[in-house]
Every structure is written in structure tokens, then in C-alpha cells.
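Report on one structure; see the data block that follows.
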Amino acid sequence: MKRVMEAEFFPRNSDHELSPPVLIGDSAVREKRRILIIDNDRDSTRLVKILLERAGGYLVLEENDATKAHQSARNFRPDLILLDIVMPVTDGGEIAAQIQADSELQRTPVIFLTALVTKAEAKAGLHIQGHSFIAKPVSIPDLIKEIEENLPAHAEL
């Protein structure tokens with residue numbers, strides 16, 4: 001039976017109190033950065049989730065139903081969203097537009113994940129709808145670099 005961690009179950013700003021950071025020496029263990037990955041390919045989201053969480057510093061929520069993506073983002077309050085472009089029913093561009101139109105989410109960085117571009121195009125610094133993008137198949141070191149470049153700086157504790 002999978003043990004659910006508090007931070008995975010309770011959305012940010014919920015009424016549930018999470019434990020404060022634990023102090024170790026002169027530095028504090030910071031809260032993990034919350035990443036929402038939206039892609040209809042369950043195998044891809046599962047693999048990215050595992051690899052990002054193993055890299056450390058990230059708490060990843062998967063959403064495989066594009067029609068639920070906006071509500072999942074509202075509930076989870078991610079620090080950053082990884083978003084596939086080509087999905088059935090609702091595509092990534094529509095989801096990005098919903099997020100940008102939502103006053104509570106509009107400042108959340110979005111990185112598109114897509115097989116529609118080459119790695120060379122992705123590295124050229126181009127943007128889709130003003131958002132960064134990464135070519136599939138995704139390189140985890142490149143993904144982490146892009147995430148860190150797009151995440152707002154950690155607040156000082």
C-alpha cells in the first residue's frame with residue numbers, strides 16, 4: 001500500500017498545517033518545488049515524476065486528463081507546469097491559455113513538452129505562445145536546467 005505524504009495530498013494554502021522546515025546546521029531544508037506535469041501519456045509522466053523526484057528538490061503531480069488539467073493546477077498550486085502540446089480533446093495551447101487567464105495561476109511558469117520540434121530548435125531559445133519548450137524525448141538534465149531557469153527564486157527563509 002502506497003503511503004501518501006502530506007505535501008502530496010494537501011494542496012498549498014490549504015487549511016491543513018504542514019511541518020515547518022527542519023533546521024540542519026546553518027542551513028534550512030527548503031520546501032520542495034511543486035511541479036505539475038500534464039501529458040496524456042501516463043508512462044511519460046510517471047518516468048519524469050520519478051526522475052525529477054529522485055533528482056531532489058521537487059514534488060511532482062501527474063495529470064493525464066487534459067480536461068482536468070486546469071482544476072488540478074488550481075488545487076495543487078504548482079511552482080511550474082510542464083505541459084504537453086498534443087493531447088486529445090484539449091491541447092496544451094488551450095490549457096496554457098486557461099492558466100494565463102486565471103488570476104491565481106497566471107504567474108505560474110509553463111514549459112511545453114513537445115515532439116513537434118527538434119532538439120536544435122528547442123535549444124535555439126525560441127518560444128511557443130511566450131513559453132519555453134523542450135523537445136521530446138526529454139533529457140532529464142536539460143529538463144532540470146530549464147525548470148531551474150524558469151522557476152521563481154526560492155524565498156529566503
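A few points about this structure:
- Chain lengthening between ALA115 and ARG42 when straightened (0.36 nm per residue, less Cα-Cα): 24.7 nm
- Under 5 Å between amide hydrogens, built in the peptide plane, is the criterion, and for VAL60 it picks out ILE35 among residues at least 5 positions away or on other chains.
- Violating pairs (Cα-Cα greater than 20 angstrom) within the set LYS32/LYS68; LYS32/LYS145; LYS68/LYS136: LYS32/LYS68; LYS68/LYS136
- Where N is the number of residues in segment 28-110, Cα Rg divided by 2.2 N^0.38 Å: 1.05
- Between ILE140 and ASP91, the simple spin-label model (points 7 angstrom out along Cα→Cβ) gives 3.1 nm.
- Around the amide H of ILE134, modelled in the peptide plane, lie the amide H atoms of PHE112, LEU113, THR114, all under 5 Å away and 5 or more residues distant in sequence or on another chain.
- By the count of other C-beta atoms within 10 Å, a proxy for reagent exposure, SER44, SER139 are ordered fewest to most as SER139, SER44.
- Extension reserve of the GLU104-ALA55 stretch, reckoned as 0.36 nm per residue once the Cα distance is removed: 14.8 nm
- Packing, as the average of other Cβ atoms within 10 Å across residues, places the peptides 71-81, 52-62 in the order 71-81, 52-62, highest first.
Rule-based calculations on the coordinates, nothing more; no lab input. This one's a predicted model, so the numbers in the text were calculated from it and none came from an experiment. When we count neighbours, we look across all protein chains shown, and the Cβ atoms used for this are built from the backbone with ideal geometry, even at glycine.
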